[in-house]
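The values are calculated or read from the model by the stated rules, or taken from the named source; none is laboratory data. Everything quoted here is computed from the prediction, not taken from an experiment. For neighbour counting, all protein chains shown are included, and Cβ atoms are generated from backbone atoms with ideal geometry for every residue, glycine included.
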Amino acid sequence: MYDPASAVKGWDAVQAAMPENPAVVALAGLAVDAKWDRNELTLEVAPEDVTAAGERLKAAGYNFLEDLTAVDWYPSEPRFQINYHILSHSLKTRIRLMARVSGDAPAINTMTVVWPSANFYEREVYDLFGVHFGGHPNMTRIMMPLEWQGHPLRKDYPVEGYR
């Protein structure tokens, strides 16, 4: 049975509990928050540091970007949470890299310079949530028609669409 008291929350607490973890070591000085819960490590960085964090993680052995997605926390600010699920084949471990983005003109740098596989995931998040990825090689819609108004996975999007 899950015991919430077993979670380790906060950058300092995670760093103290896992001082040898390659991801924790790689993001020292860059991470703003962290959590170890249910055998999952989540590391949060500022949106402007996401590409640098990806480069550090890749150098530490995290070689595969499994997924990239967003969460809309409307009406809270920062509104969007961008999640990167990253795997290390050699270390046999996964981590979640997270950055929070404001709802006013949401934007974050692309991760395609680190992992080219981020291309279509970033386009999907752009199309469905409206988060722009700066420096992306082809920031266009991928799922909705080009003339579509709005971003359908935003929590303030009308249930029946704009008419």
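Kindly provide the set of residues from the range 1-19 that are over 14 Å from E40 (Cβ atoms) and assigned to a loop (DSSP other than H, G, I, E, B), ordered by number.
Within the range 1-19, M1, D3, G10, P19 qualify.
Looking only at the range 47-101, how many residues end up being touching a Gly at 6+ places or on another chain (Cβ under 8 Å) and charged (D, E, K, R)?
Within the range 47-101, residues that are touching a Gly at 6+ places or on another chain (Cβ under 8 Å) and charged (D, E, K, R) number 2.
Out of everything in the range 84-130 that is touching a residue at least 60 places away in the same chain (Cβ under 8 Å) and part of a loop (DSSP other than H, G, I, E, B), what residue ends up being farthest from the chain's Cα centre (by Cα)?
This residue is L91.
If you go through the range 38-56, how many residues are assigned to a loop (DSSP other than H, G, I, E, B) and either hydroxyl-bearing (S, T, Y) or over 20 Å from V14 (Cβ atoms) (or both)?
0
Which one of these is more than 30 Å from G150 (Cα to Cα) and buried (at least 17 other Cβ atoms within 10 Å of the Cβ): L68, L97, L43?
That would be L43, the only listed residue that is more than 30 Å from G150 (Cα to Cα) and buried (at least 17 other Cβ atoms within 10 Å of the Cβ).
Name the single residue that is farthest from K155 (Cα to Cα) among those in the range 57-76 being in contact with a Lys or Arg (Cβ under 9 Å, 6 or more places away or on another chain) and in a loop (DSSP other than H, G, I, E, B).
Applying the filter and picking the extreme gives Y62.
Can you find a residue that is surrounded by fewer than 14 Cβ atoms within 10 Å (Cβ to Cβ) and assigned to a helix (DSSP H, G or I) anywhere in the range 29-37?
no
From the list R38, R96, which one is among the charged types (D, E, K, R) and modelled with pLDDT of 95 or more?
That would be R96, the only listed residue that is among the charged types (D, E, K, R) and modelled with pLDDT of 95 or more.
State all residues of the range 128-145 that are β-branched (V, I, T) and crowded, with 20+ Cβ neighbours inside 10 Å; if no residue qualifies, say none.
Answer for the range 128-145, where residues must be β-branched (V, I, T) and crowded, with 20+ Cβ neighbours inside 10 Å: just V131.
Given the conditions (1) within 20 Å of A31 (Cβ to Cβ); (2) in contact with a strand residue (DSSP E or B) (Cβ under 6 Å, 6 or more places away or on another chain); (3) in contact (Cβ under 8 Å) with a residue 60 or more places away in the chain, and given that K155 satisfies all but one, which numbered condition is not satisfied?
Condition not satisfied by K155: (1).
Restrict the check to the range 79-86 and report whether at least one residue is farther than 20 Å from K35 by Cβ and either loosely packed, with under 13 Cβ neighbours inside 10 Å or out of contact with any Ser or Thr (no Cβ under 8 Å at 6 or more places or on another chain) (or both).
No, the range 79-86 contains no residue that is farther than 20 Å from K35 by Cβ and either loosely packed, with under 13 Cβ neighbours inside 10 Å or out of contact with any Ser or Thr (no Cβ under 8 Å at 6 or more places or on another chain) (or both).
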